[in-house]
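Notes follow once the structure below has been shown.
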Amino acid sequence: MSVAERIAVKAVRMTNEVVSMAVLIVILLLLAYGCYAIWDLGKVYHAADSMRYSTYKPAADNPLSFQELQAINPEVFAWLTVYGTHIDYPVVQGKNNLKYINTNALGKYALTGAIFLDTHNSLDFTDFNSIVYGHHMDKDTMFGEISSFADPAYFQAREYGTLYFNGQDHGLVFFAFLNADAYDTAVFRPGIRGQEQQQAYLDMLLGKAVNVRSEVSVGIGDRIVMLSTCSSASTNGRAILVGKLTDETYGDPFYSTQTAKLSQLSGIDRLPETWSGMSFVGKVGTLVLPFVLIVMASILAFERRAYARRRRESKGQQRR
């Protein structure tokens, strides 16, 4: 073998090793991205999980728990629970409607935001209509389950909730669900005044509703609470669950010791849900690429052995 041929062979071998190493580095980077995606998604959903705030939930046997949360963030003033869902969160009100889009109930920056009352509404819910906002998130967090009320069976099965404020519980009776545009000022008008305007507003809501609980009597003498979140139905879509506030409270028909335990467990381990919420690239990085990595490592090892064998053969020919 001539000198030129030996140089060409060595150049080809070095090129193969460089390409193999580059592919390996890319695979390792994708694998690292997949692991990061799992960690990051898990962190986001954990931050939004209602179980994170459960120790602060006001209860007769622990009246100081809610006050402890208020000491951390004085803008916390209420607690919202929707029976049959994971909606069980503190409610805040900021000086504007932007603060709690990316600030949680503890007053810290968070993509999950918080459940917050429109800044134009009264904290004691004395307005005719009060609007409460929350992010639409997957995995039964924040207001992610509001859109489920579009299903008639789901809506009919979940009629009640509670709203705690001013030191006592109040009942919520949900009587309508509707879809609206985020820029529909006819819908998003908190604190409507005047009997005629209030009646017109109520008629408008019922006219837009896709699900209505007709047996529930609602009039302008009632106080309406609207739970609003983003909807996938349209670009600026909003899903709104509408209930009326009552002095009477209602028992939770979904509560049992077993479901309470399962709820606690779900707050601890959400890995399966985290996986389902991952992007395609994240899933590839965590599931497929480890096998590709093994294959590439085997190929590299085989090439190294082949290269070593060829070198030994080349040296043997040179000696001869």
key: Residue that is touching a Phe, Trp or Tyr at 6+ places or on another chain (Cβ under 8 Å), surrounded by fewer than 21 Cβ atoms within 10 Å (Cβ to Cβ) and at positive phi, where the choices are G107, G84   = G84
ask   = Regarding Y250, is this residue aromatic (F, W, Y), touching a Gly at 6+ places or on another chain (Cβ under 6 Å) and over 21 Å from D118 (Cβ atoms)?
value = yes
ask   = From the list L178, L98, which one is in contact with a Leu (Cβ under 9 Å, 6 or more places away or on another chain) and assigned by TED's automatic domain parsing to the domain that holds T246?
value = L178
message = So S130 ticks every box in (1) part of a loop (DSSP other than H, G, I, E, B); (2) out of contact with any His (no Cβ under 6 Å at 6 or more places or on another chain) but one. Which box is left unticked?
response = (1)
request  = Return only the number of the condition from (1) in contact with a Ser or Thr (Cβ under 7 Å, 6 or more places away or on another chain); (2) more than 21 Å from E248 (Cβ to Cβ) that T119 does not satisfy.
outcome  = (1)
Which listed residue is under 22 Å from the mean Cα position of the chain (by Cα) and in contact (Cβ under 8 Å) with a residue 40 or more places away in the chain, from I115, I101, I87 = I87
request  = Report whether or not S122 is closer than 23 Å to I220 by Cα and of a type outside the set (A, V, I, L, M).
outcome  = yes
ask   = Taking interchain pairs and intrachain pairs at least six residues apart, which have beta carbon atoms under 9 angstrom, with the first residue in the stretch 174-190 and farther than 12 Å from S228 by Cβ and the second among the acidic types (D, E) and surrounded by 18 or more Cβ atoms within 10 Å (Cβ to Cβ)?
value = F174/E159; F175/E159
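On the basis of being modelled with pLDDT of 95 or more, among the small types (G, A, S) and either in the same structural domain as A200 (by TED's automatic domain parsing) or farther than 26 Å from N96 by Cβ (or both), does A110 make the cut?
no
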key: Scope the stretch 58-83; condition in a helix (DSSP H, G or I) and either free of Cβ contacts under 8 Å to residues at least 24 places away in the same chain or aliphatic (A, V, I, L, M) (or both); matching residues   = L64, S65, Q67, E68, L69, Q70, A71, I72
remark   = When (1) closer than 22 Å to P90 by Cβ; (2) surrounded by fewer than 20 Cβ atoms within 10 Å (Cβ to Cβ); (3) of a type in the set (D, E, K, R) are applied to E145, the one that fails is (2)
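The values are calculated or read from the model by the stated rules, or taken from the named source; none is laboratory data. For clarity, every value in this text was computed on a predicted model and none was experimentally measured. Note that each Cβ is placed from the backbone with ideal geometry, even for glycine, and that neighbours are counted across all protein chains shown.
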